[in-house]
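J.: Shown below is the structure under consideration.
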Amino acid sequence: MGKRDDLYLLKGMVEYDKAYVKKATNRIVQDRLKRGKGSQKQAIVAVASESTPLEDPLSGKKGRHCGFFKLKVLSDVTKASVEEFVKDSIDPKSVLFTDKNTAYINLEKMVEKHIKVKSSSQSANGDLNWVHTAISNLKKNLIGIYHMISENHLQNYLNEFAYKLNRRYFGDKLLDRLIITSVYPYVQHSE
């Protein structure tokens, strides 16, 4: 699933943010670990979403339509790790929306335009709506289905989540597409 989604880049208007996902930790060690942001109990996940602006011609109400998503485990939230994710995941001709995190300082050199918005409830429901919706759904999915995930396997779970999310309109054909994707590289080499 992850290999298939690695074949394309996000294009157009793209929202980017990071998420902190609770990971499995030893109960004996848990109480000694730092709490809150930057805790060793949490893994850092980069989340990006295509976001196309729309306007209802009748009401004039503005909104955004989400396209494809990308998710990746980051070792840290530094300029280098964020730039690597952006380079590997987002088309250079895109417009990138982020919050004002200091690790995002040089992203304007990697995309056509970089727009920084102040983190607030308005930006969470506006310029960064789809990326925050994906983060919320990801956390609910991981806690509700798997409860606790080791960091060693987290990227596999993220790949599954993104694959399903990116193909949310496939319905009953999702499994068929996965089988074709799994077999396709072998069919191509056997000819």
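J.: Residues in segment 79-87: is at least one at pLDDT 85 or above, in contact with a His (Cβ under 9 Å, 6 or more places away or on another chain) and buried (at least 18 other Cβ atoms within 10 Å of the Cβ)? Before the answer, list the steps.
T.: Just the residues of segment 79-87 that are at pLDDT 85 or above, to begin with: 79-87.
Of the ones still in play, those that are also in contact with a His (Cβ under 9 Å, 6 or more places away or on another chain) are none.
For segment 79-87, residues at pLDDT 85 or above, in contact with a His (Cβ under 9 Å, 6 or more places away or on another chain) and buried (at least 18 other Cβ atoms within 10 Å of the Cβ): absent.
J.: Got a sec? Which helices (runs of 4 or more DSSP H) wholly within segment 93-191 have at least 1 residues that are modelled with pLDDT under 75?
T.: Ranges flagged: 121-125, 174-190.
J.: Here are the criteria: (1) more than 17 Å from the chain's Cα centre (by Cα); (2) touching a residue at least 24 places away in the same chain (Cβ under 8 Å). Tell me which single one GLY67 does not satisfy.
T.: (1) is the only condition that GLY67 fails.
J.: Starting from segment 171-191, take each residue that is within 17 Å of MET1 (Cα to Cα) and list its partners that are modelled with pLDDT of 65 or more, counting only C-beta distances under 8 angstrom and pairs at least six apart or across chains.
T.: Here the result reads LEU174/LYS164; LEU174/ARG167; ARG177/ARG167; ARG177/PHE170; LEU178/MET1; LEU178/TYR163; THR181/MET1; THR181/ARG4, each pair linking segment 171-191 to a residue that is modelled with pLDDT of 65 or more.
J.: Further question: Here are some conditions: (1) assigned to a strand (DSSP E or B); (2) more than 17 Å from the chain's Cα centre (by Cα); (3) not hydrophobic (A, V, I, L, M, F, W, C). LYS72 meets all but one. Which one does it not meet?
T.: With respect to (1) assigned to a strand (DSSP E or B); (2) more than 17 Å from the chain's Cα centre (by Cα); (3) not hydrophobic (A, V, I, L, M, F, W, C), LYS72 is out only on (2).
J.: Same structure again: Considering only residues of segment 83-106 that are touching a residue at least 60 places away in the same chain (Cβ under 8 Å), among the aliphatic types (A, V, I, L, M) and touching a helix residue (DSSP H, G or I) at 6+ places or on another chain (Cβ under 7 Å), which is farthest from GLU151 (Cα to Cα)?
T.: Looking at the filtered set, the residue picked out is LEU96.
The values are calculated or read from the model by the stated rules, or taken from the named source; none is laboratory data. Note that the structure is predicted; figures quoted are calculated from it, not measured. As a convention, Cβ positions derive from the backbone with ideal geometry for all residues, glycine included, and neighbour counts pool all protein chains shown.
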